[in-house]
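Colleague: One structure coming up, written as C-alpha cells, with questions to follow.
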Amino acid sequence: MQGKNACWVPGTDHASIATEAKVVALLKEKGIEKKDVSREEFLKHAYEWKDKYGGIILKQLEKLGASCDWDRTRFTMEDDLSEGVVDTFIHLYKKGWIYRGIRMVNWDPKGKTAVSDEEVIRKEVNQKLYYIKYFLMSDAGDQTNDHILIATTRPETIMADAAICVNPNDERYRYLKGKQVFIPLLNRSIPIIQDEYVDMEFGTGCLKVTPAHDLNDYELGIKHNLPVIDILNDDGSLNELAVILVGEDRFTARKNIASLLEENGHLDKVEEYKSQIGFSERTDAVIEPKLSLQWFCKMSEMSGPALNYVLDGEIKLIPDKFINTYKHWMENVKDWCISRQLWWGQQIPVWYNEKGEWVVAKTKQQAQTEFKSLYPDSPINDLRQDDDVVDTWFSAWLWPISVFDGFKDPDNADINYYYPTNDLVTAPEILFFWVARMIMAGHEFRGKAPFRNVYLTGIVRDKQGRKMSKSLGNSPDPLNLIDKYGADGVRVGMLLCSPAGNDLMFDEAYCEQGRNFANKIWNAFRLLKSWEIDPELVNNNQQAIHWFDSAFNQALKDIEDNYKQYRLSEALMGIYKLVWDDFCAWYLEMIKPVYQQPIDQETYRITVEYFEKILKLLHPFMPFLTEELWHDELFGTRGEMDCCIVAKCPEPGNINLPLIIDINIIKQVISEIRNIRNSKQILPKELLPLDIKVNSELNYKRYLNIIFKLANISEVDFISEKVSGAAKFIVGMDEFFISLSKNIDSASEKERLEKEIEYLRGFLRSVEAKLSNDKFVQNAKIEVVENERRKKDDALSKIKILEESLQGTI
C-alpha cells in the first residue's frame, strides 16, 4: 500500500523430532516398530504424514488472511534446500568448524536422540529428596559405623557415583579429607574430594558426583580426573554397569532402589521436594544429561560478527530490551550439537568404512574418491553413511538465503533483490537458537546480515497468565475462533493484546470485541448507503468536516509513528478509536440528516472519501471486511485488480490543533447534557434550554449547530450570573446550566455535586503529593512539572465553582 515490493515468504521446517515421534506413534498403532522397517520405508511414512498434516499451519495462515506470496511456499526438506544443508555441512567441516566428539548433551530417552537446549522445557515438579547414608572406609579397608548423609532426588544414579565432594571451607567435613566411602548396596569405594563448587548451605553440604549423568558433575569429574560410569541405556533403562536393577526403567528403579536402601539401613529419611527439571518439548519425556558421541559446530568463530551486527545497530531488536540477553548469549556461546539420532531430516554427509575410518562427502562416489586420497590402503566397497541427521535448526538457519535459492544459484535475481530482507517476526525464546544462527549463516555465506529488524513477539498466555498448552486445554483452535467471530474479528482480538516483546494475555472476549468492531464498520457503511442526496442543499457541516479532517490526520500521524516503532497493538488501537469514537460516534452523528431528510451532495461526497480512507487504514488489520466493502458501488466502479491491498496508503495532511481542542470541549458539553438526561430520566426527544457562563476564550457560537443537534437543545443563552435551581456542570473553566424546574430533584443534584467535589479533592491530593515530592520536582522535565501545577490550579478552580453551585442547592 506504500508502493513497495512487499514479499512475505511462507514456509515450514520439517520439525525432525516432533514429526518422527508422530510417525513412530502412528506405526505403533499399526503394530509396526521403527526397528522393523528400513530407513526408506520409514521416510515414505513420514512424507505421507507430512503431506496430510504439514500444511495445517499454512492453511490456518491463509484462513487468517496472511498476505503471503503463496507461490513461493518452501519446505526445509525440499531437494534444493536439503542440498544446501549438505553443502553447508561440508563447507564448515573443511574450515575446521565442524568436528566429532564425546560431549554431555540433553538426551531424550523416548525419542532416543540428543536435543538442543531450546527443545528442553523446564517445569517445576513435586519430587522426593532422599537422604542416603554413605559409610566411611577404615584405614584397613573395612566399612565403619560412621557415615555421611547425601541428599539426592535421583537415588537410581548412585551406582554411577565417582566421588563425594565437600567444600574445603566447611568446618563440619574437614576430617573427611583423603578418606573414602562405600557406595550403598554396591560396596564399591569412592574418594571424598574437596571443591568450592559445593554449596555449604544446600542439603547436607555433601554432594555425590556422578559425571555421566549431570553436566556440573561432568565438569567436576574432568577437574578431579574422575571415572565416568554411564549406567543408562538410550531408552532410559539401567544397563549392566549399574550392577543391580539391570533392565529396569529409571523411574521404576528409583522406587525399587529406595526400598532396597531402606531395607539395608542406608536410607535416613525422605522429604517432599519441589524443583525444576527438563522435559523434552517434543515427547514430554524427562531429559537425561548424557555423554554421547555427536557432531558439533564451533560457534566462537561465527558469534563475533553476529554480535557486532546487533551492537552496531545494523540489525535492530524490537523491543531493544533483548539486546543485553542477546549479548550475554553470544559472549558465552557454546559449541552446537548438530547431530540427531533420527531418520527424518537431512542425513549427515559422512561415510565410514568397515574399519571405522570416515570422510565427509556429498555422495558415495565422492566419498570413495576421498577415501582413496586419505586412506589409500583402506577398503572402500562397503561404505556406510552416518545414520544421524542434522538438527532441524541446521536447515532453518539458512532460511533467508535458501528460500531465494541462494545456495542453488547464488547470483539469481531474487536473492540479489530481496537479500538482505527487512523484517523477521519471531519469539524471544529462539533469539539465540534461530535468529542468531541466521545472522551467523548470513555473514558466512552472503557477507551480509540476513535482515534489518527483528520484531520479537510475546508468549501467548490465557487471561490467568498460563502459557497456552494442549495439556491445560486452554489453547483455542484458531479455525473455531474464525467460525465464531470471523477472521477479521480474530485478527483484531489477537492484535489488541499484542504489545511488542510482552506476553499476550489472550482472552476470547478480545475476539468478540473484534467482531463487534467489524459490525460497527458494517453498520456505518449501511447508514451511509441509506442516505438520500439532494444536490440543491447547501453544506452546513463545515465545522464537522474540518474537525474530522484534522482528527483523521492527527490519528494517522500517531498511527504511522507506532508503525515505525513496531507498536502494532497501539497502531490498531489508534485506528479503533478513530473509527469507533471519532467517525461513528461523533462525525456521522454531526452530519447525519434529520430523520428521513436528505443530505447535501458535498458532505456526502466528502464523507464517502473519509470512509474510503478509513478502509485503507483498516486493511492491514481487517483485510476481508475492507476488501469486501472496497469493491462496493458506493466507492464507484473498480477494476478487478483495483484492490484495497494495493491502494495508495493515506498520508497525513494539515492538523488544525485549536479546532481539535475546541471540538473536544464541545463533545464534553454534549456528553454532560446527555448524562443529565440519563440521571433525570428525561427523554432524548425532549428539548432542553442551555445557559452558558463563559469564563474561557472559547467561541461557543461557532459550534452551536453541533450542540443543538447532538444535545437536542431548544435555545442557548450566554449569561454573566449563575442560574439558581438549575442542573449545573463544568467543562474546563466554563459553567453550564440547564433549567429543569419541573424535573429538577434538589436532593439528587446535591448528591451529584458532592460526589464530583469528592472526586476532585481526591485528584487534587494525588497531584499535591507529586508536587510536594522534592525528588519528582527536581528530576522530572520542566514541562511535566508545569503540567502537574496546571492540573492543581484547574482542580482548585473547579472545586470552588462546584462548591458555589452546591450552596445554591441547599
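The values are calculated or read from the model by the stated rules, or taken from the named source; none is laboratory data. Please read all numbers here as calculations on a predicted model, not as lab measurements. Reconstructed Cβ throughout: ideal geometry from the backbone, glycine too, with neighbour counts over all protein chains shown. Note: accessible area is taken over every heavy atom of the protein model, side chains too, but ligands, DNA and RNA are not part of it. Shrake-Rupley method; radii C 1.70, N 1.55, O 1.52, S 1.80 Å.
Colleague: Work out how much length TYR53 to LYS701 would gain on full extension: take 0.36 nm times their residue separation and subtract the Cα-Cα distance, in nm to one decimal. Please report the intermediate quantities before stating the final value.
Modeller: Details: separation 648, 0.36 × 648 = 233.28 nm, distance 6.72 nm.
Here the segment from TYR53 to LYS701 would lengthen by 226.6 nm.
Colleague: With just the Cα atoms defining each centre, how far is the range 493-513 from the range 297-340? Give it in Å.
Modeller: Answer, in whole Å: 30.
Colleague: Okay, moving on. Express in Å², to the nearest 10, the accessible area of LYS95 obtained by rolling a 1.4 Å probe over the protein heavy atoms while all chains stay in place.
Modeller: Here the residue's solvent-accessible area equals roughly 90 Å².
Colleague: Jot down the radius of gyration and Dmax of the range 72-181, Cα atoms only, both in angstrom.
Modeller: Reported Rg and Dmax, both Å: 24.1, 77.
Colleague: Quick check: the angle from helix 39-53's long axis to the longest principal axis of the chain, C-alpha only, nearest 10 degrees?
Modeller: The angle comes out near 10 degrees.
Colleague: Give the share of C-alpha pairs in each 10 angstrom bin for the range 238-340, from 0 to the last occupied bin, in whole percents, shortest bins first.
Modeller: The distribution over the range 238-340 is 10, 23, 26, 18, 14, 8, 1, given as percents.
Colleague: Turning to a different aspect of this structure: Please list, in order along the range 652-658, the HN-Hα scalar couplings obtained from phi with the Karplus expression 6.51 cos²θ - 1.76 cosθ + 1.60 (θ = phi - 60°), rounded to whole Hz, x for Gly and Pro.
Modeller: My calculation for the range 652-658 gives x, x, 5, 10, 8, 5, x Hz in order.
Colleague: Related question: Along its principal axes, what span do the Cα atoms of the range 485-636 show, with the longest given first and each in whole Å?
Modeller: Ordered largest first, the range 485-636 gives principal extents of 56, 29, 25 Å.
Colleague: If you don't mind, there's one more thing I want to ask. On a 30 Å Cα-Cα criterion, which of the cross-link pairs LYS557/LYS770; LYS52/LYS110; LYS463/LYS680; LYS321/LYS463; LYS685/LYS750; LYS50/LYS463 come out too long? Intermediate values should be presented prior to the final figure.
Modeller: Numbers: LYS557/LYS770 32 Å; LYS52/LYS110 24 Å; LYS463/LYS680 39 Å; LYS321/LYS463 24 Å; LYS685/LYS750 26 Å; LYS50/LYS463 33 Å.
Over 30 Å apart, Cα to Cα: LYS557/LYS770; LYS463/LYS680; LYS50/LYS463.
Colleague: Next up: Students often forget the sequence filter, so: which lysines lie under 25 Å Cα-Cα from LYS355 once same-chain residues fewer than 8 apart are removed?
Modeller: Partners within reach: LYS35, LYS94, LYS364, LYS372.
Colleague: If you don't mind, there's one more thing I want to ask. With θ taken as phi - 60° and the coefficients 6.51, -1.76 and 1.60, list the Karplus ³J(HN,Hα) couplings across the range 5-10 in order, rounded to whole Hz; mark glycine and proline as x.
Modeller: So the Karplus estimates, Gly and Pro as x, are 7, 8, 10, 10, 8, x Hz.
Colleague: Okay, next question. How many angstrom lie between the Cα centre of the range 137-171 and the Cα centre of the range 405-453?
Modeller: 53
Colleague: With every protein chain left in place, what is the accessible area per residue of the chain in square angstrom, probe 1.4 Å? Spell out each step's value before the answer.
Modeller: Numbers: 41040 Å² over 810 residues.
Solvent-accessible surface per residue comes out at 51 Å².
Colleague: Return the subset of LYS63/LYS448; LYS123/LYS269; LYS701/LYS728; LYS693/LYS800; LYS112/LYS274 for which the Cα-Cα distance in this structure is over 23 Å, preserving the input order.
Modeller: Going by Cα-Cα distance, LYS63/LYS448; LYS123/LYS269; LYS112/LYS274 fall outside the 23 Å limit.
Colleague: At 0.36 nm per residue, and after removing the present C-alpha to C-alpha distance, how many nm does the segment from LEU260 to SER378 gain when stretched out fully?
Modeller: Values: separation 118, 0.36 × 118 = 42.48 nm, distance 5.22 nm.
Answer, rounded to one decimal: 37.3 nm.
Colleague: What percent does the relative contact order of the chain come to when contacts are Cα pairs within less than 8 Å and at least six residues apart?
Modeller: Relative contact order comes out at 10 percent.
Colleague: Aspartates and glutamates within cross-link reach of LYS28: Cα-Cα under 17 Å, excluding same-chain residues under 8 positions apart?
Modeller: Of all the aspartates and glutamates, those that pass the test against LYS28 - Cα under 17 Å, at least 8 places apart if same chain - are GLU20, ASP36, GLU41, GLU48, ASP235.
Colleague: Shifting gears a bit: If packing is taken as the average count of other Cβ atoms within 10 Å, what order do 584-597, 158-171 fall into, highest mean first?
Modeller: Values: 584-597: 15.4, 158-171: 20.1.
Sorting 584-597, 158-171 by mean packing, highest first, produces 158-171, 584-597.
Colleague: So what's the range 312-365 giving for Cα Rg divided by 2.2 N^0.38 Å, two decimals?
Modeller: Working: Rg = 19.3 Å, N = 54, 2.2 N^0.38 = 10.0 Å.
Dividing the Cα radius of gyration by 2.2 N^0.38 Å gives 1.92.
Colleague: Calculate the length of the line joining the C-alpha centroid of the range 69-97 to that of the range 231-267, in whole Å.
Modeller: Measuring centre to centre over Cα atoms gives 44 Å.
Colleague: What nm distance separates the two modelled labels at ILE277 and GLU331, each placed 7 Å from Cα along Cα→Cβ?
Modeller: In this crude label model, ILE277 to GLU331 measures out at 3.5 nm.
Colleague: Which cross-chain or sequence-distant (5 or more) residues have an amide H under 5 Å from the amide H of GLN194, H modelled 1.01 Å from N in plane?
Modeller: The list, which skips near neighbours in sequence, is VAL166.
Colleague: Check each of the GluC sites (Glu not before Pro) in the range 292-341 and keep only those in coil by DSSP with at most 16 other C-beta atoms within 10 angstrom; list them in order. Before the final figure, lay out the partial values.
Modeller: On the way: sites: GLU301, GLU314, GLU331; in loops: GLU314.
When the GluC sites (Glu not before Pro) of the range 292-341 are filtered for loop state and at most 16 Cβ neighbours within 10 Å, GLU314 remain.
Colleague: Could I ask something else about it? Compute the distance in nm between two label points, each set 7 Å from the Cα along the Cα-to-Cβ direction, one at ASP312 and one at CYS68.
Modeller: Taking the two extended label points, one gets 3.3 nm.
Colleague: Here are labelled values, (1) 27.2, 92; (2) 36.6, 119; (3) 37.2, 151, and one is the computed Rg and Dmax of the Cα atoms in Å for what I pasted. Which one?
Modeller: Among (1) 27.2, 92; (2) 36.6, 119; (3) 37.2, 151, the one derived from this structure is (2).
Colleague: Direction-averaged shadow area of the convex hull around the Cα atoms of the range 64-130, nm²? Let's see the in-between values first.
Modeller: Details: hull surface 40.3 nm².
It is 10.1 nm².
Colleague: Let me ask something else. How large is ³J(HN,Hα) for each residue in the range 605-613, as worked out from phi by the Karplus curve 6.51 cos²θ - 1.76 cosθ + 1.60 (θ = phi - 60°), to whole Hz, x for Gly and Pro?
Modeller: Running phi through 6.51 cos²θ - 1.76 cosθ + 1.60 with θ = phi - 60° gives 4, 5, 5, 4, 5, 4, 4, 5, 5 Hz.
Colleague: On a 0 to 90° scale, report how tilted helix 437-446 is relative to the longest principal axis of the chain, with both axes built from alpha carbons and the result rounded to the nearest 10.
Modeller: Helix 437-446 sits roughly 80 degrees off the main axis of the chain.
Colleague: Can you check what the net charge comes to around SER378, using other residues whose Cβ is under 10 Å from the Cβ of SER378 (Lys, Arg +1; Asp, Glu -1)?
Modeller: Net charge in that neighbourhood comes out at -1.
Colleague: Next up: Which number comes out as Rg/Rh for the range 671-726 once both Rg and the Kirkwood Rh are worked out on C-alpha atoms? It would help to have the intermediate numbers written out before the result.
Modeller: On the way: Rg = 11.8 Å, Rh = 12.3 Å.
With Rg and the Kirkwood Rh in hand, the quotient comes to 0.96.
Colleague: May I pose another question? Set the Förster distance to 25 Å, then compute FRET efficiency between ASN664 and GLN565 from the Cβ-Cβ distance, nearest 0.05.
Modeller: The computed FRET efficiency comes out at 0.45.
Colleague: OK, next. Can you pull the three principal axis extents for the Cα set of the range 575-658, in Å, largest first?
Modeller: 38, 31, 21
Colleague: Could you name the aspartates and glutamates in cross-link range of LYS95, using Cα to Cα under 16 Å and dropping any fewer than eight places away on the same chain?
Modeller: Straight-distance partners of LYS95: ASP87, GLU301, ASP335, GLU444.
Colleague: So for the pair GLU628, ASP80, with labels modelled 7 Å out along Cα→Cβ, what separation do we get in nm?
Modeller: Placing both labels 7 Å along Cα→Cβ, they lie 3.8 nm apart.
Colleague: For the Cα atoms of the chain, what angle does the longest principal axis make with the long axis of helix 542-564, in degrees from 0 to 90, nearest 10?
Modeller: Rounded to the nearest ten degrees, it is 10.
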